[in-house]
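Trainee: Take this structure, written in structure tokens, and hold onto it; I'll ask about it next.
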Amino acid sequence: MTAHPISETVASLMPRAKAELTELVAFQSVADPAVYPRSECEGAAEWVAAALRAEGFQDVALLDTPDGSQSVYGLLPGPEGAPTVLLYAHYDVQPPLDEAAWISPPFELTERDGRWFGRGTADCKGGFLMHLLALRALKADGGVPVSVKVIVEGSEEQGTGGLERYAEAHPSLLAADTIVIGDTGNFRVGLPTVTSTLRGMTMLRVRLDTLEGNLHSGQFGGAAPDALAAMIQLLASLRAEDGSTTVDGLTADEEWDGLQYPEEEFRKDAKVLDGVGLIGTGTVADRIWARPAVTVIGIDCPPVVGATPSVQASARAQISLRVPPGQDAEQATKLLTAHLLAHAPWGAKVSVERVGQGQPFRADIASPAYTAMADAMRVAYPGQEMQSSGMGGSIPLCNTLAGLYPEAEILLIGLSEPEAQIHAVNESVSPDELRRLSVAEALFLRNYAASKAA
């Protein structure tokens with residue numbers, strides 16, 4: 001069977017895309033100035049802006065958002081009367097975590113076993129390259145048939161809401177007929193998938209204080225209230241014996257009725273050790289797409305090396321709570337805060353700080369844009385039909401855009417399939433997925449323009 005011209009063009013552009021992604025991955029663009037220099041994010045933003053200008057985008061701007069980050073915006077006008085499509089990605093990345101556990105340096109794109117490794121390759125610097133590839137292929141094959149707006153966020157991983165608040169203050173800026181969020185992924189490599197739901201998120205820091213200062217554990221241990229032990233007990237109250245999330249007043253028994261996730265496949269994707277059980281009840285899809293999930297993502301406590309025999313006077317932890325569609329993130333935040341205040345043992349002094357919050361999202365997969373995407377994916381993935389799945393992660397901007405532009409259709413695609421190991425060490429992207437999804441996006445834009453013209 002003869003390859004589609006768009007497919008051939010994208011394939012020819014892949015070496016350039018690899019070189020560009022190598023440059024972009026080299027920026028250590030973690031949006032946390034306490035850990036990484038702000039200049040790394042600024043450099044990545046400038047790189048994205050330059051790439052848009054090189055593609056003929058107008059009004060390219062670095063937007064200073066309220067959380068101190070920068071988002072990059074550009075407009076590529078289309079034919080008179082053509083619909084407008086907003087393409088989204090983000091250039092900020094997660095910290096590399098344990099750099100010693102990376103097989104190759106996290107901020108150097110390295111090809112290995114048919115994949116490109118490096119922080120941000122899939123989440124979500126590769127998503128920006130996907131948009132560029134789609135537009136370049138269309139230009140080479142007759143032109144881009146829609147007006148395109150691109151927004152590339154600079155603090156998505158921090159959940160601090162900078163772009164959401166900027167969009168609310170400038171409601172016309174991102175207005176579009178349809179929106180493609182390039183920050184999710186296929187259910188697995190080679191299976192074209194749109195994401196129909198996202199869990200929301202709330203992030204809290206909790207601090208416990210029990211003493212005016214640390215004490216000698218031999219002289220005072222056994223009677224003096226240990227803040228670290230109190231924190232362990234408090235965090236344990238957030239889970240039932242089977243590992244299910246238990247926040248007072250928060251419903252946790254919803255069921256997922258779409259594409260299922262077989263347990264053995266999940267164990268393999270999650271790299272669960274032999275003999276270790278999964279947590280929670282219900283199907284895997286219930287647990288990761290339809291129910292709340294609490295995770296302790298950090299604890300401030302003395303490291304093992306250099307530890308002294310002391311009763312700790314204070315302890316601090318950061319807690320993430322994923323909130324499923326159908327629940328309100330603000331209410332979940334209040335319930336989690338109340339739970340922490342109520343369950344601290346021994347009268348420990350509790351303070352709770354909000355770090356970030358985003359609402360869950362549910363897409364309308366019966367909309368015309370999804371039909372156009374399904375047709376495009378049949379070409380990009382011969383012999384496969386587009387699937388719809390949930391995603392346990394959060395993209396708070398989705399709800400902001402849905403509220404600002406209720407008539408706009410929102411599609412979620414991307415490169416973060418299970419083998420990509422986003423947010424973990426050794427993150428990678430499949431170049432074949434980048435190629436095929438770029439083809440799919442290009443054909444979607446063409447199909448969508450034609451459907452609007454009909």
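Every number here is computed from the coordinates shown, using simple stated rules; none is lab data. Predicted model only: the values in this text are computed from it and were never measured. We place every Cβ from the backbone using ideal geometry, glycine too, and count neighbours over all the protein chains shown.
Trainee: Just how many % of Cα pairs in the range 1-105 lie over 20 Å apart, if you round to the nearest whole percent?
Mentor: Here the tail beyond 20 Å accounts for 55 percent of pairs.
Trainee: Cα centroid distance between the range 2-80 and the range 94-108, in Å?
Mentor: 22
Trainee: Further question on the same structure: Which values of log₁₀ I(q)/I(0), to two decimal places, follow from the Debye formula for the range 283-382 at q = 0.12, 0.13, 0.24 Å⁻¹ with a uniform point scatterer at every Cα?
Mentor: -0.65, -0.71, -1.27
Trainee: Mind checking the log10 I(q)/I(0) for the range 379-429 at q = 0.12, 0.14, 0.17, 0.31 Å⁻¹? Debye, one equal scatterer per Cα, no solvent, two decimals.
Mentor: Scattering profile of the range 379-429, log10 relative to I(0): -0.43, -0.57, -0.78, -1.21.
Trainee: Show the residues, 5+ positions off or on another chain, whose built amide H is closer than 5 Å to the amide H of Phe187.
Mentor: Thr193
Trainee: In debye, nearest 20: dipole of the range 256-308 around its Cα centre with unit charges on the Cβ of K, R (+) and D, E (-)?
Mentor: About 120 debye.
Trainee: Below 8 Å, C-alpha to C-alpha, sequence gap of six or more: please give me the relative contact order for the range 1-152 in percent.
Mentor: With pairs under 8 Å counted, the relative contact order is 31 percent.
Trainee: Please state the relative contact order of the chain as a whole percent: Cα pairs under 8 Å, 6+ residues apart?
Mentor: The normalised contact order for the chain reaches 25 percent.
Trainee: In degrees from 0 to 90, rounded to the nearest 10, what is the angle of the helix 368-380 Cα long axis to the longest principal axis of the chain?
Mentor: 80
Trainee: Now, a different point. All other residues with a Cβ under 14 Å from the Cβ of Pro171 taken together, and with Lys, Arg as +1 and Asp, Glu as -1, what is their net charge?
Mentor: Net local charge, Pro171 excluded: -1.
Trainee: For helix 38-54, report the angle its Cα long axis makes with the longest principal axis of the Cα atoms of the chain; keep it between 0 and 90° and round to the nearest 10°.
Mentor: 10
Trainee: While we're looking at this one, here's another question. Considering only the other residues whose Cβ falls under 11 Å of the Cβ of Arg53, what net charge follows from Lys and Arg at +1 and Asp and Glu at -1?
Mentor: Working: positive: none; negative: Glu46, Glu55, Asp59.
Once positives and negatives cancel, what remains is -3.
Trainee: Once amide H atoms are placed 1.01 Å from N in the peptide plane, what residues at a sequence separation of 5 or more from Arg239, or on another chain, have their amide H within under 5 Å of its amide H?
Mentor: Thr246
Trainee: In addition: Evaluate the range 172-215: find the radius of gyration of its Cα atoms, find its Kirkwood radius, and give the ratio Rg to Rh.
Mentor: Rg divided by Rh gives 1.34.
Trainee: Quick check for the chain: number of Lys pairs with alpha-carbon distance under 21 Å, counting only pairs 8 or more apart or on different chains?
Mentor: 7
Trainee: With a cut-off of 8 Å between alpha carbons and a minimum separation of six or more residues, what is the relative contact order of the range 141-243 in percent?
Mentor: Value for the range 141-243: 13 percent.
Trainee: Tell me, which longest segment in the chain has none of the GluC sites (Glu not before Pro) that fall in DSSP loops with at most 12 further Cβ atoms within 10 Å?
Mentor: Looking at the chain, 81-211 is the longest stretch - no exposed GluC sites (Glu not before Pro) with at most 12 other Cβ atoms within 10 Å.
Trainee: Here's a follow-up. At q = 0.14 Å⁻¹, what log₁₀ I(q)/I(0) does a Debye calculation on the Cα points of the chain give, no solvent, two decimals?
Mentor: Debye curve over Cα of the chain, log10 I(q)/I(0) at q = 0.14 Å⁻¹: -1.38.
Trainee: In addition: May I ask for the percentage of alpha-carbon pairs in the range 45-200 that lie more than 21 Å from each other?
Mentor: Working: 6153 of 12090 pairs.
Every Cα pair in the range 45-200 considered, those over 21 Å come to 51 percent.
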